[in-house]
Amino acid sequence: MKTYKYVACFVLAFSFFACEKSSEQIEEEIPITIDADYTVFLQRNNQLSGVVIGSANNELVVKNTLNSFNAIPANALKYRTSTNISYYSSSNCEASLQWYTAENSISKSISLFTDIDPCSIEILAMAHTNEIVAVAYERELLGKDKDFIVRINSLDAEVESQTEISLDKKPIAIVSSSNRLFVLTLNEFVTDEFHLSVIDLAEEAVIMELDLGYNAFRLFTNNTGKVIVSYPELHTTIDPITLEKSYTTYGENTEPGFITTTDFFVDSLGKFYFQKSVPTAEVVEVPAIYDFDKNSTVVYLFENFLTETELQIKYNIAAATSIAYDEENNYVLIGYQKKGQVDKGGILRITPAPDFKLIDNIDLEGIPKTIFAK
């Protein structure tokens, strides 16, 4: 097998790219690959569906489809963790949530808002655990300001009870940690400042509100359950129990840029996988991995682990659309959309930094939006 050597460089000591290719060719042994399955959610014809891709005999093949995840609207609200995912959607004024865990391939479908007309409310954010789903919505009130509510439903289909908690600011995002919900809110009518409402699930009430200032664009949790609030120039880490804060600032021109990513997850070591916009690259939306411990970002420019022919003709890559990590094989999986082909995409498997070496590829009838490595 012939491959190319790649050299990685550091940019301002905080982030680095695969930045130079040599034309020297060397002989390398084909790596031994452990068979693995990947669950992939694909967008096609403005709908989402799930498939299972298997790796066997050093190639990727589609093994089967997830029948319970057919016909989800492409614009459905999504919430994912490292191991599971949920989609909220409504049709003909009926709302439902579909939940899936990649750990054991269990899926559930839950009816929501059976007591409220879903067409009379606007869903703003949601989150889930293995037991509950929390959906934030706003409702117009006659002669009054908007009503902001977080509704908590059990994921147990046999349980129909729900809890509603009122907020005085607009919900933007929700995450769950340590039996609490953390709701990012915006004071849109007065100051345009962001806040964090802490809801205790045992008490079913807001127990604290933290001021976050301006431009708090993203909310997620790391591998230890700490809450991360992302700003353009820094991120704040909040202990979910004590609510103590710590701050991480970025150097000039070294911002990770994960505030605009459409798909992301955190691995068991705490690294953040996402899509980063690099305007100067041949493909603008590229995969990237941020290391919270080192405050550094590895950016995977396609042109530095693919030849020009592979990039422009063989794989015809328009943008990175999803990312995953196969810990068993130490492979990064990169979902991408094909250029000029509606609903066509694929997945590349490569070795992570500093190798940046292509392993294999599979073409797909659909665009990979989320990938889980079992």
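The values are calculated or read from the model by the stated rules, or taken from the named source; none is laboratory data. Given the structure is predicted, the values throughout are model-derived calculations rather than measurements. All Cβ positions, even for glycine, are placed from backbone atoms using ideal geometry, and neighbour counts span all protein chains on display. Surface accessibility is based on the protein's heavy atoms, side chains included, excluding ligands, DNA and RNA. Shrake-Rupley method; radii C 1.70, N 1.55, O 1.52, S 1.80 Å.
Can you tell me the FRET efficiency between Glu282 and Ser166 if r is taken as the Cβ-Cβ distance and R0 is 51 Å, rounded to the nearest 0.05?
Numbers: r = 49 Å, r/R0 = 0.97.
Once the sixth-power term is evaluated, E becomes 0.55.
At 0.36 nm per residue, and after removing the present C-alpha to C-alpha distance, how many nm does the segment from Lys374 to Lys339 gain when stretched out fully? Write out the running numbers ahead of the final one.
Numbers: separation 35, 0.36 × 35 = 12.60 nm, distance 2.89 nm.
Length gained, Lys374 through Lys339: 9.7 nm.
Over the range 281-320, with the other protein chains present, what is the accessible area per residue in square angstrom, probe 1.4 angstrom? Mind showing how you got there, number by number?
On the way: 1450 Å² over 40 residues.
Spelled out: the 1.4 Å probe surface of the range 281-320, per residue, equals 36 Å².
Filter the cross-link list Lys276/Lys338; Lys170/Lys369; Lys271/Lys338; Lys144/Lys169 down to pairs whose alpha-carbon distance in this structure exceeds 23 Å. Write out the running numbers ahead of the final one.
On the way: Lys276/Lys338 18 Å; Lys170/Lys369 27 Å; Lys271/Lys338 27 Å; Lys144/Lys169 14 Å.
Result: Lys170/Lys369; Lys271/Lys338 exceed 23 Å.
Under 15 Å from the Cβ of Lys276, count the other residues' Cβ atoms, weight Lys and Arg +1, Asp and Glu -1, and hand me the total. Working shown, then result.
On the way: positive: Arg218, Lys271; negative: Glu255, Asp263, Glu282, Glu285, Asp291, Glu303.
Every neighbour counted, the sum reads -4.
Taking the Cα of Thr242, stepping 7 Å toward and past its beta carbon, and measuring to each backbone N in the range 281-317: which are under 14 Å?
Taking a point 7 Å out along Cα→Cβ of Thr242, no residue of the range 281-317 has its backbone N under 14 Å.
Output wanted: per-residue J couplings in Hz (rounded whole) for the range 285-292, from phi through Karplus 6.51 cos²θ - 1.76 cosθ + 1.60, θ = phi - 60°, x for Gly and Pro.
8, 10, x, 8, 9, 9, 9, 5
At 0.36 nm per residue, minus the direct Cα-Cα distance, what do Ser268 and Ser91 gain on full extension? Give it in nm, one decimal, please.
Here the segment from Ser268 to Ser91 would lengthen by 60.1 nm.
Give the lysines reachable from Lys63 as a straight Cα distance under 17 Å; neighbours fewer than 8 places away on the same chain don't count.
The qualifying lysines are Lys374.
In the range 277-342, what percent of the accessible surface is made up of carbon and sulfur (1.4 Å probe, ligands and nucleic acids excluded)?
Numbers: 1270 of 2610 Å².
C and S fraction of accessible area: 49 percent.
Report, ordered by chain and residue number, the aspartates and glutamates lying within cross-link reach of Lys146, taken as a straight Cα distance under 20 Å and ignoring same-chain residues fewer than 8 apart.
The qualifying aspartates and glutamates are Asp115, Asp117, Glu122, Glu138, Glu164, Asp168, Glu188, Asp192, Glu193, Glu209.
How big is the gap, in Å, between the Cα center of the range 218-275 and the Cα center of the range 29-68?
With the range 218-275 and the range 29-68 each reduced to a Cα centre, they are spaced 29 Å.
Enumerate the calculated ³J(HN,Hα) couplings along the range 98-114 in order (Karplus 6.51 cos²θ - 1.76 cosθ + 1.60, θ = phi - 60°), each rounded to whole Hz, writing x wherever the residue is Gly or Pro.
My calculation for the range 98-114 gives 10, 10, 9, 10, 6, 4, 10, 6, 8, 10, 9, 10, 10, 7, 10, 6, 6 Hz in order.
Please give every one of the lysines within straight-line cross-link reach of Lys357, meaning a C-alpha to C-alpha distance under 17 Å, and leave out same-chain neighbours fewer than 8 residues apart.
Lys2, Lys5, Lys21, Lys314
By how many nm would the segment from Phe217 to Ser178 lengthen if fully extended, with 0.36 nm per residue of separation less the alpha-carbon distance? Walk me through the numbers on the way to the answer.
Working: separation 39, 0.36 × 39 = 14.04 nm, distance 2.24 nm.
Gain on extension, Phe217 to Ser178, equals 11.8 nm.
With θ set to phi - 60°, apply the Karplus curve 6.51 cos²θ - 1.76 cosθ + 1.60 along the range 174-190 and write out the HN-Hα couplings as whole Hz, x wherever there is a Gly or Pro.
Values, residue by residue: 9, 9, 10, 6, 6, 6, 9, 9, 10, 10, 6, 10, 10, 7, 6, 9, 10 Hz.
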